[in-house]
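The values are calculated or read from the model by the stated rules, or taken from the named source; none is laboratory data. Remember, it's a predicted structure, so these values are computed and weren't measured experimentally. FYI the Cβ positions are ideal-geometry reconstructions off the backbone, even for glycines, and counts take in every protein chain you see.
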């Protein structure tokens, strides 16, 4: 029970997902796109594992501090699921936040230094500050908290490219000089594209969660989107965002993905169909369980995006290495 409570406090499934996403970006997007041009990954497996661990620790510390400041609100929104003060004392949550965040930052700083990119630790400082400021101030501010979490979700993917791509540019200046541009921009653009999709889905899910948590947020002076605009207008916004996502993904497919494997096509079709289902679910939703169903379906779309990276790797290797 106690171990489960700690796993719940740091959102253990989310931490596992972060690791899966970062390894997927490295081995399913970056590596095959480098190999087709005759290049290998520069960052070693050990240093990358440390980078992933630092991401997990900082994220877990952020979850702990979020629950620390949300204890009263959570007692209203989900009284049976709250672990702080029932199983884990609040001061333990604060200590866990400090410990995980500090170790995560030290590890990130170490990797930045040994890879000759010491300035990268400023990104981790920004992430740590953003998680703290979100928990203490921005979560209850109209749209601001949603944008911060969406941005941090995008950074889960971006951080992989922000380390590897500059290392490739530094190691192969002659290629850049010969071509007049960096060939490594191609995998960088793919990572940015995936980051935007993940960030977009996260933004929509966070707005949906604001509807779910509206009771507690309103009781403690929150000014989230559903509190400010009302549930009806927020539902209209969610429908618009899901429709926009579907159109955006359709455009990306037509421009860049239609030449890839049938599996990629199947994933894209499944996600677009999921968006259509989401529009219906949101339109009909009136109760918390119904909005939770929408949030869970959103999570499924995220998983499909991760799966698409694996099929992207297969498609690239099949085309170039037959």
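The set of residues in the range 283-320 that are in a loop (DSSP other than H, G, I, E, B) and surrounded by fewer than 19 Cβ atoms within 10 Å (Cβ to Cβ) comprises 286, 287.
The listed residues are 242, 194, and the only one of them that is buried (at least 20 other Cβ atoms within 10 Å of the Cβ) and either touching a strand residue (DSSP E or B) at 6+ places or on another chain (Cβ under 9 Å) or without any contact (Cβ under 8 Å) to a residue 60 or more places away in the chain (or both) turns out to be 242. The condition of being at pLDDT 90 or above and surrounded by fewer than 19 Cβ atoms within 10 Å (Cβ to Cβ) holds for only one of 215, 170, that being 170. For the range 219-233, residues that are assigned to a loop (DSSP other than H, G, I, E, B) and surrounded by 19 or more Cβ atoms within 10 Å (Cβ to Cβ) total 2. Scanning the range 251-261 for residues that are in contact with a helix residue (DSSP H, G or I) (Cβ under 9 Å, 6 or more places away or on another chain) and either surrounded by fewer than 14 Cβ atoms within 10 Å (Cβ to Cβ) or not in a helix (DSSP H, G or I) (or both) returns 256, 258, 259, 260, 261.
Per-residue answers, yes or no, for (1) crowded, with 20+ Cβ neighbours inside 10 Å; (2) under 23 Å from the mean Cα position of the chain (by Cα); (3) at pLDDT below 95:
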residue	(1), (2), (3)
8	no, yes, yes
66	yes, yes, yes
77	no, no, yes
82	yes, no, yes
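Can you name the residue in the range 84-101 that is part of a helix (DSSP H, G or I) and free of Cβ contacts under 8 Å to residues at least 40 places away in the same chain and is also surrounded by the most Cβ atoms within 10 Å (Cβ to Cβ) among such residues? In this case the residue turns out to be 97.
So, in the range 29-63, how many residues would count as being crowded, with 16+ Cβ neighbours inside 10 Å and not in a helix (DSSP H, G or I)? Residues flagged as crowded, with 16+ Cβ neighbours inside 10 Å and not in a helix (DSSP H, G or I) within the range 29-63 amount to 4. Checked against (1) closer than 23 Å to residue 199 by Cα; (2) modelled with pLDDT under 90; (3) assigned to a helix (DSSP H, G or I), residue 280 passes all but a single condition, namely (2).
Can you confirm whether residue 114 is more than 21 Å from the chain's Cα centre (by Cα) and under 18 Å from residue 60 (Cβ atoms)? In short, no. Here is the figure for the range 64-83: residues that are over 29 Å from residue 110 (Cα atoms), in contact (Cβ under 8 Å) with a residue 60 or more places away in the chain and part of a helix (DSSP H, G or I) total 7.
Checked against (1) touching a residue at least 24 places away in the same chain (Cβ under 8 Å); (2) part of a helix (DSSP H, G or I); (3) over 23 Å from residue 152 (Cβ atoms), residue 24 passes all but a single condition, namely (3). The residue of the range 141-151 that is farthest from residue 24 (Cα to Cα), among those that are in contact with a helix residue (DSSP H, G or I) (Cβ under 6 Å, 6 or more places away or on another chain) and in a helix (DSSP H, G or I), is 144.
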